Amino acid sequence: MSNEVEEIKNKIAESGLVSIDLKDFYPHGERLIIDMKDHLFEGLILKEKDFRAFVKNENWSKYKDKLVTIASTADAIIPTWAYMLLTSELQPYAKKVVCGSKETLETILFRENIVDKLKPEQYKDKRVMIKGCGDMEIPASAFVDAVNLLKPYVKSIMYGEACSNVPIYKSRSEGV
């Protein structure tokens, strides 16, 4: 029996794998939804006179620094000008105004943060793990955006955790 202790190696640390957690790109701020259905006459049509009265009398400052989406959950045709009019009033106050569902808002916010803050050049020729299975729901579009930005720079992209991952991309130099 040998008295030599075998050195324990951390193969993950030695692999040169760089981890990116997309929750670090979470866009902070209170989200609000303006639902156009609340401004429809009998749930069917938007009356311009009534809508303009709402716009004139609304306290728009309550949207200060908020992330706002303008949506319609009603099965009604909303004229484009109505969205434009709301945006015009919200723009001086809200941090961000988009048109669409809450999911659309999250997609746009994550995309902007990823494009602004993920510097793909710093991952040049690296093996990258994009973390999955976190405690925060991240839209699939954020993972798509990360791959779009990183792929031209990295040797490989994986999804998941270092101990359990799914290969997404390998450059030719990394082996296919």
For the cross-link pairs Lys56/Lys95; Lys23/Lys66; Lys117/Lys155; Lys117/Lys170; Lys64/Lys126; Lys95/Lys155, which exceed 30 Å when the distance is taken from alpha carbon to alpha carbon? Lys64/Lys126; Lys95/Lys155
Rounded to the nearest 5, the percent of antiparallel DSSP beta bridges in the range 43-176 equals 40
Under the rule of -39500 (n - 2.57) per DSSP H run of 4 or more residues, summed and divided by the residues of the chain, what mean residue ellipticity at 222 nm is obtained, to the nearest 500 deg cm²/dmol? -9000 deg cm²/dmol
Cα coordinate range in the chain, projected on the principal axes (Å, largest first): 90, 35, 28
Can you find, among Val115, Gly160, Leu22, the residue sitting farthest towards the positive end of the charge dipole of the chain, where Lys and Arg contribute +1 and Asp and Glu -1 at Cβ? Val115
Given the options Pro79, Pro139, Pro27, state which has the largest fluctuation in a GNM of the chain using a 10 Å cut-off (strictly under) for Cα springs. Pro79
Over the range 48-144, one equal point on each Cα, no solvent: what is log10 I(q)/I(0) by the Debye formula at q = 0.14, 0.21, 0.23, 0.24 Å⁻¹? -0.69, -1.14, -1.27, -1.33
In debye, nearest 20, what is the charge dipole magnitude of the chain about its Cα centre with +1 on Lys and Arg Cβ and -1 on Asp and Glu Cβ, if you could check? 520
Hey, can you find the accessible area per residue of the range 21-176 for me, probe 1.4 Å, expressed in square angstrom? 61
For His28, His39, what's the largest-to-smallest order of accessible area, 1.4 Å probe? His28, His39
Please report, as a whole percent, how much of the solvent-accessible surface of the chain comes from carbon and sulfur atoms (probe radius 1.4 Å). 51
Cα convex hull of the range 54-105 - mean projected area over all directions, nm²: 3.8
Under a 1.4 Å probe, counting only protein heavy atoms, Phe54 has an accessible area in Å², nearest 10, of 50
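The values are calculated or read from the model by the stated rules, or taken from the named source; none is laboratory data. Since we're looking at a predicted model, the values are computed, not measured. With ideal geometry, Cβ positions are generated from the backbone for all residues, glycine too; neighbour counts draw on all protein chains shown. Quick note on the areas: whole protein, heavy atoms, side chains included, nothing else; ligands and nucleic acids left out. Shrake-Rupley method; radii C 1.70, N 1.55, O 1.52, S 1.80 Å.
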